[in-house]
Amino acid sequence: MGEAFLNLQFRKSYDDFTLELDVSLSAGITAIFGPSGSGKSTTLNCIAGITKPDSGNLELWNRPLFLSGNLFRGINRPPEKRRVGYVFQDGLLFPHLRVRENILYGYKRTPKNRRHMRPNKLVEMLELEPLLYRMPNTLSGGERQRVALARAMAASPEVLLLDEPLASLDMPFRGRILRQLKAVHHDSGIPMIYVSHTISEVMVLAEQVLVLADGKQVALDTPQNFLHQTPVLPLVDPAHLETLLEGRVVAHHPESGTTEAEFGGFTLWLPTIDRDIRDPITVSVAASNVMLAAEAPVGLSARNVLKATVSALDRVGETVMVTADAGRSILAEVTPEAAASLGLQPGSEVYLVLKASSIVVLG
Ligand code: ADP
């Protein structure tokens, strides 16, 4: 994680809701996680200057964005002066401009001495070349989001805000955009703040996680740790517990209708996908689809059996969430009775059984 780049000490009240933050974020990818209505979008809007805090102080790289005070001393920089990029849920683009002009819009308005993102490089990284002369209304949701990302980045912002950018996308597009987002961050070094209520996206993308509940900060931690914190667990919807794994295609097995992919330490057999060998892929495994066995299972038709070590057990609602380390952390959901009869505890060796059909390829 980099040094602190964003200080947020402010308060914003609506009728029956108050957001109150006192936190410094490090340069890197920060996820803001929390249930609907916890204040995630309000936080982004205050950073962007779309919403004015009631009081407090916001600083980006020690530059004041907002400072409450009397008429003479207060600061409230207008959004266009904040050097903040914003990508919304539905990828807002200028409808009357082609993709190319949308991308160049922010670039042209950025003073030459502050431009450090090359539009051509963004087009290449986000694979936008074939779309450059299209109008926004002819793009799919995923294409719009990639263009919105390029447009925001082309203005060389000092922070990029992303509000649930994958929420409106179909599954097969989520993995590709997540990978591209990470690549753009890696290449540019521009800090990102990624709002999501999907734990798996947070885990695969972020270096730190700020957890909000009812307008208050309840945790600021690494993705590996935040999920196990007592105040965070009640905020997790067990139905959304899943693990995202990033890997590469290794081989196709037409005889069994499967594709084999490698995930850094283990391989999985997936339902056949139309991708080339060595192509990157991202898959999702729902925690409820991971079965646990205390002994190596024999005579199973499922091909995917992974040896793992239990690293944590957490009660989530009526179920127990098991975090198992198989080289990568994988979440499994079991009943409290099953956890007891398997004698699960941190350090236990287990076998994870994943049916090929339960692995969803996200692209
Ligand atoms: P989240 O992004 O976590 O879902 P929001 O920041 O959008 O949460 O909203 C937090 C709370 O603030 C909600 O109760 C919402 O109704 C309220 N709120 C947000 N914007 C406004 C507004 N412009 N006027 C009144 N209430 C608002």
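The values are calculated or read from the model by the stated rules, or taken from the named source; none is laboratory data. Predicted model only: the values in this text are computed from it and were never measured. Cβ sites come from the backbone with ideal geometry, for glycine too, and all protein chains shown count toward neighbours. Accessible surface areas use protein heavy atoms only, side chains included; no ligands, DNA or RNA. Shrake-Rupley method; radii C 1.70, N 1.55, O 1.52, S 1.80 Å.
Which entries in LYS121/LYS216; LYS112/LYS182; LYS52/LYS121; LYS40/LYS112 show an alpha-carbon gap greater than 28 Å?
From LYS121/LYS216; LYS112/LYS182; LYS52/LYS121; LYS40/LYS112, over 28 Å: LYS121/LYS216; LYS52/LYS121; LYS40/LYS112.
Along the range 198-207, what does the Karplus equation 6.51 cos²θ - 1.76 cosθ + 1.60 (θ = phi - 60°) give for ³J(HN,Hα), rounded to whole Hz, x for Gly and Pro?
Listing the rounded values in order: 9, 4, 5, 5, 4, 5, 7, 10, 8, 9 Hz.
Ignoring ligands, DNA and RNA, please state the percent of accessible area on the chain from carbon and sulfur, probe 1.4 Å.
About 50 percent, which is the carbon plus sulfur part of the accessible surface.
Evaluate 2.2 N^0.38 Å with N set to the residue count of the range 1-105, then give the Cα radius of gyration divided by it.
1.19
Excluding GLU260 itself, what net charge comes from residues whose Cβ is under 14 Å from its Cβ, given Lys and Arg +1 and Asp and Glu -1?
Value of the local net charge: 0.
Which whole-angstrom value gives the distance between the alpha carbon centres of the range 75-110 and the range 1-61?
After rounding, the separation between the Cα centres reads 20 Å.
Taking the simple approach of a point 7 Å from Cα along Cα-to-Cβ for both SER357 and SER36, what is their distance in nm?
So the label points at SER357 and SER36 sit 3.1 nm apart.
May I ask for the angle, rounded to the nearest 10°, between helix 141-154 and the longest principal axis of the chain, with both axes built from Cα atoms and the value confined to 0 to 90°?
Taking Cα atoms only, the helix is inclined about 50 degrees.
Over the chain, what is the mean sequence separation of C-alpha contacts under 8 Å (at least six apart), divided by residue count, expressed as relative contact order in percent?
16
Over the range 242-361, what relative contact order in percent results from Cα pairs under 8 Å that are six or more residues apart?
Once normalised by length, the contact order is 30 percent.
What is the set of long-range amide H partners of VAL316 at a cut-off below 5 Å, with H atoms built 1.01 Å from backbone N?
Under 5 Å from the amide H of VAL316 lie the amide H atoms of MET321, each far enough along the sequence or on another chain.
Can you pull the semi-axes for the chain, root of five times each eigenvalue of the Cα gyration tensor, sorted largest first, whole Å?
Over the Cα atoms of the chain, the semi-axes work out to 38, 27, 15 Å.
Tell me the per residue accessible area of the chain using a 1.4 Å probe; a whole number in Å² is fine.
Spelled out: the 1.4 Å probe surface of the chain, per residue, equals 46 Å².
At 7 Å along Cα-to-Cβ for each site, give me the label-to-label distance between GLU124 and GLU255 in nm.
4.3
Compute the helix-to-body angle for 171-188: its Cα long axis versus the longest principal axis of the chain, expressed 0 to 90° and rounded to tens.
60
Compute the Cα gyration tensor for the range 130-202, then decide on rounded, prolate or oblate, letting a ≥ b ≥ c be the square roots of its eigenvalues: rounded whenever a/c is under 1.5, prolate when a/b is larger than b/c in the other cases, and oblate in all that remain.
In terms of gyration-tensor shape, oblate.
Compute the FRET efficiency between SER288 and LYS182 as 1/(1 + (r/R0)^6), taking r as their Cβ-Cβ distance and R0 = 30 Å, and round to the nearest 0.05.
FRET efficiency, SER288 to LYS182: 0.65.
Counting Lys and Arg as +1 and Asp and Glu as -1, what is the net charge of the other residues whose Cβ lies under 13 Å from the Cβ of ASN304?
+1
So, by mean Cβ neighbours within 10 angstrom, what's the order for 350-357, 269-276 with the highest one leading?
350-357, 269-276
Which value in Å is the Kirkwood Rh of the range 252-363 over different Cα pairs?
Computed over Cα pairs of the range 252-363, the Kirkwood hydrodynamic radius comes out at 14.7 Å.
Which lysines have a Cα lying under 25 Å from the Cα of LYS307, excluding residues fewer than 8 positions away in the same chain?
LYS355
How far is helix 99-108 tilted, in degrees, relative to the longest principal axis of the Cα atoms in the chain, given as a value from 0 to 90 rounded to the nearest 10?
Between the helix axis and the principal axis of the chain, the angle is about 50 degrees.
Over the Cα atoms of the range 132-254, how large are the radius of gyration and the largest Cα-Cα distance (Dmax), in Å?
16.3, 52
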